[in-house]
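Engineer: Here's a structure for you.
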Amino acid sequence: MGIFFGVLSSCKTSNPVHSSGNKSTVFKESLAIDNDGNKYPVKVLLDGKLWMTHNLNSNIPNSYCYDDVDKNCQGYGRLYTWESAIEGCKLLGEGWRLPTNIEWQKLTIVYGGAAGDSAAIRRKSYFTLLFSDTAGFNALLGGGRDPDGHYSRRNAHGFYWAATENDTATASFCNFANGSQAIYQQQEGEKNRAFSVRCVKNIDSLKR
């Protein structure tokens, strides 16, 4: 694909909902821990969804450390083929899943401002989701892995899978591009490439 400008785990989330009488208050931040012992901060963002705020790092088949170096997994999380990305989110526990292309688009819009042209939104959301403590999303420029095993573009691009399929061979992904300092939703990601992963959960699934 040309990029254009292109072990089983379960999750335990601490105190997701605090209930008092008939009222339920959804928490703002908490922590998830998988069976590998990896701890993932999670946060309810402005789109109203619960997101992981660090890249998935569960060691499952068809997931990789950048350059096959373990310390890169510690800093950037693992890189996953599309199918392993779907599976990795499911294995975190009930309700966790890979975000859709529309959910990535909505996240870009709400952190890019409701007004202004799309280019301005893409630029503002890039800085907000990458660097802002207010958003706390902490996107990473983890690069990717080609089907032939070649790694490239770390610190230049953060490629994040979306659940949205185009056909049997390709799916959508979100591209944090350092060169243009903007976010792009792109469609034709070859599923056997390996990209970073964030998982998402609907707030309704947290209510008891």
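The values are calculated or read from the model by the stated rules, or taken from the named source; none is laboratory data. None of these values were measured; they are calculated from a predicted model. FYI the Cβ positions are ideal-geometry reconstructions off the backbone, even for glycines, and counts take in every protein chain you see.
Engineer: For the range 135-150, enumerate the residues that are more than 11 Å from the chain's Cα centre (by Cα), buried (at least 19 other Cβ atoms within 10 Å of the Cβ) and modelled with pLDDT of 95 or more. Show your work before the answer.
Structural biologist: First pass over the range 135-150, keeping only residues more than 11 Å from the chain's Cα centre (by Cα): 135-136, 141-150.
Then drop every residue that is not buried (at least 19 other Cβ atoms within 10 Å of the Cβ), which leaves 135, 142-145.
Listed by number, the residues that qualify are Gly142, Gly143, Gly144, Arg145.
Engineer: Suppose we filter Ala171, Ala177, Ala194 for residues that are surrounded by 22 or more Cβ atoms within 10 Å (Cβ to Cβ), out of contact with any helix residue (DSSP H, G or I) (no Cβ under 7 Å at 6 or more places or on another chain) and at pLDDT 95 or above; which single one remains?
Structural biologist: From the options Ala171, Ala177, Ala194, the qualifying one is Ala194.
Engineer: Moving to a separate point now. Going through the range 166-186 one residue at a time, which ones are farther than 17 Å from Phe137 by Cα and more than 16 Å from the chain's Cα centre (by Cα)?
Structural biologist: Asn166, Asp167, Thr168, Ala169, Thr170, Gly179, Ser180
Engineer: Moving on to the next point. Looking only at the range 130-166, count every residue that is in contact with a strand residue (DSSP E or B) (Cβ under 8 Å, 6 or more places away or on another chain), among the hydrophobic types (A, V, I, L, M, F, W, C) and over 22 Å from Gln74 (Cβ atoms) and tell me the total.
Structural biologist: Residues that pass the stated criteria total 2.
Engineer: If I filter the range 96-134 down to residues being among the charged types (D, E, K, R) and outside any helix (DSSP H, G or I), which single residue comes out as surrounded by the most Cβ atoms within 10 Å (Cβ to Cβ)?
Structural biologist: Arg97
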